[in-house]
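Please treat every number below as a calculation from the coordinates, not as lab data. In this text the structure is predicted, and so the values were computed from the model without any measurement. Glycine also receives a Cβ, built like all others from the backbone with ideal geometry; neighbour counts cover every protein chain displayed.
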Amino acid sequence: MINRQSVQLFGLPAAKGRWFLIALGSVVLLCLGTVYSWSIFRKPLEDLFGISATQSLLPFTFLLVLYALLMPITGFYLKRIGVGKITAIGGIVTGVGYILSSLTTNIFFLTITYGIIAGAGVGIAYGVPLAVSAQWFPDRPGLAVGLTAVGFGLSPLVTAPLARVLIATYGVLPTFTILGISLTAIILVISTTLKLPPPGWTPPGWTPKVSNQKSGNQQKPIWESPLFYALWFCYTIGTFVGLSAIGISSPVAEEIIQLDATTAAITVSLFAVFNGIGRPLFGWLTDRLQPKGAATISYILILIASILMLNATEGQTLTYLVAFSLFWLCLGGWLAIAPTATLKLFDPHDYAKNYGIVFTAYGTGAFLGTIATGQLRDLFGSYTVAFYPTAIFAIAGIIIAQLKLKS
């Protein structure tokens, strides 16, 4: 039996030192979350390459898809290779993708360097801090995962204005090099500190509780459980809506509300705060209300935001701010609901593998959502029509959550 008091982190008993792992993991995700500032790059790239709205979304779309595809594979090798090495590998690949992006001359090569290479790096590293927090906090998984994921959500608060300044000063392509070198250096340093708890370690005074449902799910692969498909479809809807909104935040502000580019960039930073808040908030709600309750709340908020934007016109800045704050809040929420639900509904010892499989929903939602918004904008000449599908999917999500997402 392991002596829980003898396990230490950063010179402290593990029960206290584990909180530092949340902070460090959050910084790693903040670096990787620079991808959420893509809307800042779109207009400069459209002008530089002479491309359409759909084309300028291609690198972002491919990045999200690769990010979702690589994460399941990482989950299967996490314990074999080690959390520190995988984080370092992911950081290096991401940085290489950014640096190569600065050498591109058209959207096709940018899609390869940024979308595929950088996207692969994000996918390799993203799940590691979440897995580390989940393993060290079996007593409060939703809160721990949500707090760790805050970094990814809050990233645009830092990186959106930074990218805007760098683009204005050095140009859009050199900005990729500056960001790539900086972010990789930070991730490499932090990768040396990440570790999983020793087998059998639990927080002092806490005893695991195993429900009959979870015990039954441990006996079979996750994809054989109906709960998996309910969670997968709910997650797909949440990411379809959220990533659609993130990809068009700045263009919507400029085209529909008629804000200038600088103000539009500032709003993205504001939305990042809500994206960050959504993670611990919905992680806490999932702990308290179970996945069904937290999912239903998120869909109701998405429906409200969609209705607001369907009626938004020039000058209605407050409507835009409220609606997109809700979109970003709920996307952040799903980055906590889904991993926490995976811990609650399935075998927590296989969390890294299971959440990797569930996370394929993120890639599906990302691909469909970003492609749909670009196509709708090009076909109808306005982003307003993009909010019809978000409203419809929100209603579908409420129904699925109420009927099928039961622990």
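Short-range pairs are left out: with C-alpha atoms under 8 Å and at least six residues apart, the relative contact order of the chain is 25 percent.
Basic side chains Lys and Arg get +1 at the Cβ, acidic Asp and Glu get -1 at the Cβ, and with that the dipole of the chain about its Cα centre reaches some 1480 debye. Helix-only estimate, please: 222 nm mean residue ellipticity of the chain, summing -39500 (n - 2.57) across DSSP H runs of length 4 or more and dividing by its residues, to the nearest 500. Estimated from H runs of four or more residues: -26500 deg cm²/dmol. Here Rg and Dmax of the Cα atoms in Å was computed from the coordinates, and among [x] 20.1, 62; [y] 20.3, 66; [z] 20.7, 72 the match is [y].
Counting neighbouring Cβ atoms within 10 Å and putting the fewest first, the residues 189, 241 line up as 189, 241.
What's the ranking of 289-295, 271-277 by average number of surrounding C-beta atoms within 10 Å, highest first? Walk me through the numbers on the way to the answer.
On the way: 289-295: 21.6, 271-277: 24.7.
Packing order, densest peptide first, comes out as 271-277, 289-295.
When the trypsin sites (Lys or Arg not before Pro) in segment 164-211 are filtered for DSSP coil states and for at most 16 other beta-carbon atoms within 10 Å of their beta-carbon, the remaining sites are 195, 209.
Would you please give the FRET efficiency between residue 371 and residue 8, computed as 1/(1 + (r/R0)^6) with r the Cβ-Cβ distance and R0 = 60 Å, to the nearest 0.05? Computed FRET efficiency for residue 371 and residue 8 comes out at 0.80.
What is the calculated FRET efficiency for residue 260 to residue 307, with r their C-beta to C-beta distance and R₀ = 25 Å, to the nearest 0.05? Display every interim value, and only then the final one.
Values: r = 26 Å, r/R0 = 1.06.
Taking R0 as 25 Å, the efficiency between residue 260 and residue 307 is 0.40.
Calculate how steeply helix 387-404 sits against the longest principal axis of the alpha-carbon atoms of the chain, using the helix alpha-carbon long axis, and give the answer as 0 to 90 degrees to the nearest 10. Once rounded, one gets 20 degrees. Here's the list of lysines a cross-link from residue 406 could span, going by alpha-carbon distance under 19 Å and ignoring same-chain residues fewer than 8 apart: 209, 214, 220, 292, 344. Rounded to the nearest 20, the size of the Cβ-charge dipole of segment 1-110 about its Cα centre is 620 debye, with Lys and Arg at +1 and Asp and Glu at -1.
Each of 402, 156, 41 was placed along the dipole of the chain (beta-carbon charges, centred on the mean Cα), and the one lying farthest toward the positive end is 402.
When only C-alpha pairs under 8 Å and at least 6 residues apart count, what is the relative contact order of segment 312-407, in percent?
Numbers: 24 pairs, mean separation 14.9, N = 96.
After rounding, I find 15 percent.
Within segment 254-321, the GluC sites (Glu not before Pro) that combine a DSSP coil assignment with at most 15 other C-beta atoms in a 10 angstrom radius are 314.
The residue among 52, 283, 246 whose Cα reaches farthest toward the positive pole of the charge dipole of the chain, with charges on the beta-carbon of Lys, Arg, Asp and Glu, is 283.
Can you compute the charge dipole magnitude of segment 254-407 about its Cα centre, using +1 on each Lys and Arg Cβ and -1 on each Asp and Glu Cβ, nothing else charged? Give it in debye, rounded to the nearest 20. Walk me through the numbers before you get to the answer.
On the way: 8 positive and 8 negative charges, 142 e Å.
Approximately 680 debye in magnitude.
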